[in-house]
Amino acid sequence: MSRFVVGVDLGTTNCSLAYAAMDEGTADSRSSPRSVPIEQLPIPQVVGLNDVSPRPLLPSFLYLAGPKEFPPKALDPPWKSTPDRAVGVFARDHGAKVPGRLVSSAKSWLSHAGVDRRAAILPWTAAADVDKISPVDASTAYLSHLRDAWNASAAGKTAADRLEIGRAHV
């Protein structure tokens, strides 16, 4: 069983991950629960070519790089990644220069009644040569990045503490 309670905010503009260490005495029926500090995970992300740095928030932006647009591995975070994709700061900043390859507001598309959330419709303004993705796939990219950041952190190092092993409470 995990030693942490983890909260994820999948935001339209930014995502974040916060956690608190579980303490055996935090919820004893004979006493008041003890407060435990809630910490925010610094999220490693690509901030420039071959440059990864932690930030408090993960911007909810996905950049779909073109073939040979960047040198190999230039967009890789510290863990295995999807080739030719970047999530976060670099995606937001570079995507502002190449909007036809930038996925933004994916969360808004998830709740839009007029679209199929699983259809490859993003980026909305993409040229014909850009492989589009679905709002579900874009949101999955953000959540996968948060999972991988947690698992790469000191808190997620043990098998029991890996984010995909824990139980979800909605």
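Looking at Pro77, Pro59, Pro71 in this structure, which one is under 14 Å from the mean Cα position of the chain (by Cα) and surrounded by fewer than 20 Cβ atoms within 10 Å (Cβ to Cβ)?
Answer to the check: Pro77.
Going through the stretch 101-120 one residue at a time, which ones are farther than 25 Å from Pro42 by Cα and in contact with a helix residue (DSSP H, G or I) (Cβ under 7 Å, 6 or more places away or on another chain)?
Once the filter is applied, which keeps residues that are farther than 25 Å from Pro42 by Cα and in contact with a helix residue (DSSP H, G or I) (Cβ under 7 Å, 6 or more places away or on another chain), the stretch 101-120 yields Arg101, Trp109, Leu110, Val115, Arg117, Arg118.
Return the only residue of Asp137, Asp129, Asp116 being of a type outside the set (Lys, Arg), assigned to a helix (DSSP H, G or I) and open to solvent by 70 Å² or more (accessible area, probe 1.4 Å).
The match here is Asp137.
Test of understanding: among Pro77, Pro72, Pro37, which residue is part of a loop (DSSP other than H, G, I, E, B) and touching a His at 6+ places or on another chain (Cβ under 8 Å)?
When all the criteria are applied, what remains is Pro77.
Specify which of the listed residues (Val103, Val87, Val98) is in contact with a His (Cβ under 8 Å, 6 or more places away or on another chain), modelled with pLDDT of 95 or more and surrounded by 14 or more Cβ atoms within 10 Å (Cβ to Cβ).
Val87
Assess whether Ser153 counts as being surrounded by 11 or more Cβ atoms within 10 Å (Cβ to Cβ), closer than 20 Å to Gly7 by Cβ, in contact (Cβ under 8 Å) with a residue 40 or more places away in the chain and of a type outside the set (A, V, I, L, M, F, W, C).
So Ser153 passes the test.
The values are calculated or read from the model by the stated rules, or taken from the named source; none is laboratory data. Quantities reported herein were computed from a predicted structural model and do not represent experimental measurements. Glycine also receives a Cβ, built like all others from the backbone with ideal geometry; neighbour counts cover every protein chain displayed. For accessibility, only protein heavy atoms count, side chains too; no ligands or nucleic acids. Shrake-Rupley method; radii C 1.70, N 1.55, O 1.52, S 1.80 Å.
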